């Protein structure tokens, strides 16, 4: 039997350092949020069943909350560099068992959001290509993307960053051009800053009603920003790169959504926004919100012309692909970290000659393929089922882990010393409270987000909060189940594997 030399073994279980700078990390995390998809999909829904013209302000409120979270998160990243990110941070602050439990929820986050995007991608391509006479089912298009994403994620991480960079720059430019054109024109009523950014309009309808719905959709639109620390081991200067990339990513997403959504409000007119969203999102059969992308696209055509709509139609597809690649990389690195720590078999921590976590890539791709096959065989809808179910689980999962990180940051930094009271206690404590409110909003409105409402119940009404069918209750409890399973696995492994303890002690 041939044995690997120590150096070779180490190389095969280590990510390649120095590959990414601040810009490269930002490309990965902003691409993961798929801004064009969020603005064409989530924003119109938030406007219609949420707080109307106050939607731009809801995105700013969520952005500020996540910036608060990032104060402690960024401070922690200067002390701990680990591809497991949240997994390592929670482990440092709350103990190994809690860290592994949070890692299982993080994996659920990235696997489900990637599955959601595969569903959206396949459904969109099925409809788009049918118009050109190419009639293939959604799962064929999804598996074509699956092959490309798997292949790219096995290459050097900086190659993936360059691909994402090109796609992301085009996407951001198209959105900014459209949003600024609407603002420059002024629309039917001119700018109405108070309608979109005053507290009474942002929180109109209350947490149980419109404001809660808008904030829940806004929270879901930021998924992916927290992945900055995942690339710490592969960055050129992790202690500088991760904090800076985190702040830039959140600020970019917040400002972009605020500008473009305010441009949409201005383009339609704040006082008539509900009727405008209804008419612009209606399909030929009169179904409201059947075509939410029609809101942005019709406004873009009105104020700029059809040429940009054509470009945006293509960019929606590339935006989805960019999100698939970004989340593939994030999930693979979590599996890598768990394999290296001894929670998963060591094979999960193997890397290839390019420094890519090949073990994690294989696991991530295999899980995605398995779930898509099940949905295809069951005849479930790629958007109504795969996309909405999985993205709703993601929204809850990521907030749960962020709350755990905030608490862990306080405990770790207070114990280790150093840093201001603001960074070590006040900011992370405030973020934990605000995120807990956000979690409540997402869970209470899960029936609307996922479409898992009992027969005869209108999920858009305030009194329908927490009303779920059996499937809805299972899906809403899935992150909690993952947390418990992770804790049990940790208890078993920490009793048998000293490597995990050493990883957190280092």
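A few comments on the model shown:
- Within the stretch 123-134, residues that are without any contact (Cβ under 8 Å) to a residue 40 or more places away in the chain have Cβ atoms under 7 Å from residues that are surrounded by 11 or more Cβ atoms within 10 Å (Cβ to Cβ) in these pairs: 129/136, counting only partners at least 6 apart in sequence or on another chain.
- For the stretch 352-366, filtered to residues that are surrounded by fewer than 24 Cβ atoms within 10 Å (Cβ to Cβ) and at pLDDT below 85, the residue that is farthest from residue 86 (Cα to Cα) is 353.
- Qualifying residue in the stretch 375-393 (condition: in contact (Cβ under 8 Å) with a residue 12 or more places away in the chain and over 27 Å from residue 442 (Cα atoms)): yes
- Test: residue in the stretch 390-405 that is under 21 Å from residue 217 (Cβ atoms), outside any helix (DSSP H, G or I), modelled with pLDDT of 90 or more and in contact with a helix residue (DSSP H, G or I) (Cβ under 6 Å, 6 or more places away or on another chain): no
- Residues in the stretch 288-327 that are surrounded by fewer than 20 Cβ atoms within 10 Å (Cβ to Cβ), outside any helix (DSSP H, G or I) and in contact with a helix residue (DSSP H, G or I) (Cβ under 9 Å, 6 or more places away or on another chain): 288, 289, 290, 291, 304.
- Residues of the stretch 468-501 that are surrounded by fewer than 18 Cβ atoms within 10 Å (Cβ to Cβ) and at pLDDT below 90: 491, 492, 495, 496, 497, 498, 499, 501.
- Conditions (1) assigned to a loop (DSSP other than H, G, I, E, B); (2) out of contact with any helix residue (DSSP H, G or I) (no Cβ under 7 Å at 6 or more places or on another chain); (3) within 30 Å of residue 43 (Cα to Cα); number of the one not met by residue 418: (3)
- Which listed residue, of 281, 261, is more than 18 Å from residue 167 (Cα to Cα) and over 21 Å from the mean Cα position of the chain (by Cα): 281
- Residue 139 without any contact (Cβ under 8 Å) to a residue 12 or more places away in the chain and over 20 Å from the mean Cα position of the chain (by Cα): no
- For the stretch 457-470, a tally of residues being in contact (Cβ under 8 Å) with a residue 60 or more places away in the chain and in a helix (DSSP H, G or I) returns 1.
- Helices (runs of 4 or more DSSP H) enclosed by the stretch 97-199 - at least 1 residues per element that are within 20 Å of residue 255 (Cα to Cα) and at pLDDT below 90: 157-185
- Residue check, residue 404 surrounded by fewer than 21 Cβ atoms within 10 Å (Cβ to Cβ) and in contact (Cβ under 8 Å) with a residue 12 or more places away in the chain: no
- Against the list (1) over 25 Å from residue 166 (Cα atoms); (2) crowded, with 18+ Cβ neighbours inside 10 Å; (3) over 20 Å from the mean Cα position of the chain (by Cα); (4) at pLDDT below 85, the condition residue 334 fails is (3).
- Any hit, the stretch 239-259, residues being touching a strand residue (DSSP E or B) at 6+ places or on another chain (Cβ under 6 Å) and either part of a helix (DSSP H, G or I) or crowded, with 20+ Cβ neighbours inside 10 Å (or both): yes
- Enumeration of residues in the stretch 447-456 that are surrounded by 15 or more Cβ atoms within 10 Å (Cβ to Cβ) and either over 20 Å from residue 42 (Cβ atoms) or in contact (Cβ under 8 Å) with a residue 40 or more places away in the chain (or both): 448, 449, 450, 451, 452
- Residue 213 being buried (at least 23 other Cβ atoms within 10 Å of the Cβ), modelled with pLDDT of 85 or more and either outside any helix (DSSP H, G or I) or on the phi < 0 side of the Ramachandran plot (or both): no
- Against the conditions (1) assigned to a helix (DSSP H, G or I); (2) modelled with pLDDT under 90; (3) closer than 30 Å to residue 72 by Cα, residue 431 satisfies every one except (2).
- Annotation note: Cβ proximity below 9 Å between a residue of the stretch 250-267 that is free of Cβ contacts under 8 Å to residues at least 60 places away in the same chain and a residue that is surrounded by fewer than 23 Cβ atoms within 10 Å (Cβ to Cβ) and outside any helix (DSSP H, G or I) (sequence gap 6+ or interchain) occurs for no pair.
- Failed item in (1) surrounded by fewer than 24 Cβ atoms within 10 Å (Cβ to Cβ); (2) more than 21 Å from the chain's Cα centre (by Cα); (3) modelled with pLDDT under 90, with residue 370 passing the rest: (3)
- All of 444, 431 fail the test of being crowded, with 19+ Cβ neighbours inside 10 Å and in contact with a helix residue (DSSP H, G or I) (Cβ under 6 Å, 6 or more places away or on another chain), apart from 431.
- Qualifying residue in the stretch 419-435 (condition: in contact (Cβ under 8 Å) with a residue 40 or more places away in the chain, more than 26 Å from the chain's Cα centre (by Cα) and within 24 Å of residue 97 (Cβ to Cβ)): no
- Within the stretch 23-72, tally of residues that are in a helix (DSSP H, G or I), modelled with pLDDT under 80 and buried (at least 24 other Cβ atoms within 10 Å of the Cβ): 8
The values are calculated or read from the model by the stated rules, or taken from the named source; none is laboratory data. Note that the structure is a prediction, hence the values are computed from the model and not measured. Note that each Cβ is placed from the backbone with ideal geometry, even for glycine, and that neighbours are counted across all protein chains shown.
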